[in-house]
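Below are the structure tokens for one structure; questions will follow.
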Amino acid sequence: MTAPAPPAAGRSGRTQVAIVGGGPAGLMLGQLLHLAGIDSIVLERSTREHVIGRVRAGVLEQGTVDLMHAAGVGAHLARDGMPHRGIYLAFGGMRHHIDFASLTGGRGITIYGQNAVVHDLIEARLAAARPLLFGVRDVELHDVRGLAPRVTWHDADGARGEVRCDFVAGCDGFHGVCRPSIPVDAGTVYERAYPFAWLGILADAAPSADELVYSLHERGFALFSMRSASVTRLYLQVPPGEDVNAWGDERIWQELHRRLDTSDGWRPNEGPVSQKGVTAMRSFMFEPMRYGRLFLAGDAAHIVPPTGAKGLNLAMADVKRLAAAIVEFYATGRGAALDEYSPRALRRAWRAQRFSWWMTSTLHVAEDATPFDRRRQIADLEYLVSSEAAMKSLAENYVGISLD
Ligand code: APR
Ligand code: PHB
């Protein structure tokens, strides 16, 4: 297979796969295609600094770790990733350990920031010398129903770019252009808004626990996580649309201690806050994940609330499947795997959606919750930490379901 010459920014060219969006999904797809000798261009709206600096999720399932290694981008992950064998659930002032390793036959998760994943993939892209354009504007898709799609854009200097391709990969996240390019009558949206948001901070403080602590408190949910031996990541349930400026550092620490500190004396360490932000929570699914020669992957097609830590892992599972289908197409000329892409990716995404919805409803306090709801929620958690069957169900979903 010969790889066509890559198009330069602001000029016309041809490639095999035009990838819109340089987040984890787009960059991983580009890398997997590159390893198979398939050419692509990645068109990213933001600057490189912005993409690498964006603090997002940080829990990698084993399948995602394996994919990073198979894609040749696992060196930093092997050095800096923090393997965890379980999580803690805290409620009623007590911490309970859920040991994924013993419940799932040795499986676990690895803590490694999404921005580090993106950093590693950008390095690989630059080393591969395949085109990756930052700061592009006005990306538009043309003729994706036919055999010769085109993508046009303006590059960072305002010059017009155009590329002809065989396939377009819509990896441009929830607010991208690819999904909205599909006619409304060609797809169905399923969605649910949650009456909560998360206020997240990064603190320069050594993590005070070896694993994550998910806490349900009568004042709301809180989560203790980490990024390294010296950086703690913490979240608080807040009302949707909360103004981050209403939360000074002192108020944040006070609220974190109220919701997280447990009667065994455990509490998160405090330290200077280096980053602060509010994230909305929603469930969103678009079906199908294909329109002609346009394939959606990652957040462009589905959003899950962050409680189950599934967003990044789903995006990676999508592009693994999509890359394999594109490789098969070029190798055999047959589109069977491409036809299977949307139904199979959706099956996995719905499974993750269900789990994320369950984790979210189990651990958050709705404003209109009645005393009955609250007692039932505690009964749910008490059952969860005392029944091996219930813990197994949580564990196998959290470490990642295998759905091939
Ligand atoms: N043109 C070009 N690029 C775009 C456009 C556009 N019109 N719109 C968005 N983008 C870029 C964004 O700047 C972003 O870098 O597409 C990229 C999409 O990346 P993500 O939003 O990170 O989505 P994805 O790669 O699917 O990764 C999913 O991200 O939001 C988290 O929880 C989610 O962890 C999951 C992961
Ligand atoms: C994180 O560390 O950012 C994190 C961890 C667990 C979650 C969500 C986010 O469920």
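The values are calculated or read from the model by the stated rules, or taken from the named source; none is laboratory data. None of the values given here were measured: they were computed from a predicted structure. Cβ coordinates were reconstructed from backbone atoms using ideal geometry, including for glycine residues, and neighbour counts include every protein chain displayed. The protein model used for the area step is the full one, side chains on, heavy atoms only, and it has no ligands, DNA or RNA in it. Shrake-Rupley method; radii C 1.70, N 1.55, O 1.52, S 1.80 Å.
Label LEU126 and ALA324 with points 7 Å out from Cα along Cα→Cβ: what is the distance between them in nm?
Output for this residue pair reads 3.2 nm.
I need to check one value: relative contact order of segment 171-254, counting alpha carbon pairs closer than 8 Å and at least 6 residues apart, in percent.
28
Sticking with this one: At a probe radius of 1.4 Å, what is the per-residue accessible area of ASP143, in Å² to the nearest 10?
Surface open to solvent at ASP143 totals about 90 Å².
List every residue whose amide H lies under 5 Å from the amide H of VAL365, counting only residues 5 or more places away in sequence or on a different chain, with H placed 1.01 Å from N in the peptide plane.
HN-HN under 5 Å from VAL365: PHE221.
Please turn the phi angles of segment 347-359 into ³J(HN,Hα) values with the Karplus equation 6.51 cos²θ - 1.76 cosθ + 1.60 (θ = phi - 60°), one per residue in order, whole Hz, x for glycine and proline.
4, 5, 5, 5, 5, 5, 4, 4, 5, 5, 4, 5, 4
Between ARG258 and GLU382, what FRET efficiency comes out of the Förster formula 1/(1 + (r/R0)^6) with R0 = 25 Å and r the beta carbon distance, rounded to 0.05?
According to the calculation, E is roughly 0.70.
So what's the angle, to the nearest 10 degrees on a 0 to 90 scale, between helix 388-399 and the longest Cα principal axis of the chain?
40
Kindly write out, for segment 288-295 in residue order, the coupling ³J(HN,Hα) from the Karplus curve 6.51 cos²θ - 1.76 cosθ + 1.60 (θ = phi - 60°), rounded to whole Hz, with x marking Gly and Pro.
Using θ = phi - 60°, the values come out as x, 8, 9, 9, x, 9, 9, 10 Hz.
Still on this model: Enumerate the amide H contacts of SER40 below 5 Å, restricted to partners 5 or more residues apart or on another chain; note that Pro and chain-start residues carry no placed amide H.
GLN16, VAL17
Separate question: Could you sort ILE303, ILE87 by their accessible area in this structure, using a 1.4 Å probe and putting the largest first?
ILE303, ILE87
On to the next question. Of the peptides 121-129, 232-240, 394-402, how do they stack up when ordered by the mean number of other Cβ atoms within 10 Å, highest first?
Highest-to-lowest ranking by the protection proxy: 232-240, 394-402, 121-129.
Please list, in chain and number order, the residues 5+ apart from ALA205 or on another chain whose amide H is under 5 Å from its amide H, with Hs placed from the backbone.
So ALA205 has HN proximity to VAL231, THR232.
Obtain the nm distance between the two label points defined at SER230 and ARG54 by a simple spin-label model: each point lies 7 Å from its Cα along the Cα-to-C-beta direction.
Taking the simple label geometry, SER230 and ARG54 are separated by 2.7 nm.
Still on this structure, I have one more. Kindly write out, for segment 377-386 in residue order, the coupling ³J(HN,Hα) from the Karplus curve 6.51 cos²θ - 1.76 cosθ + 1.60 (θ = phi - 60°), rounded to whole Hz, with x marking Gly and Pro.
Result, ordered by residue: 4, 5, 4, 4, 5, 5, 4, 4, 7, 10 Hz.
Which distance in Å, rounded to a whole number, links the C-alpha centroids of segment 242-309 and segment 332-404?
Going from one Cα centre to the other spans 17 Å.
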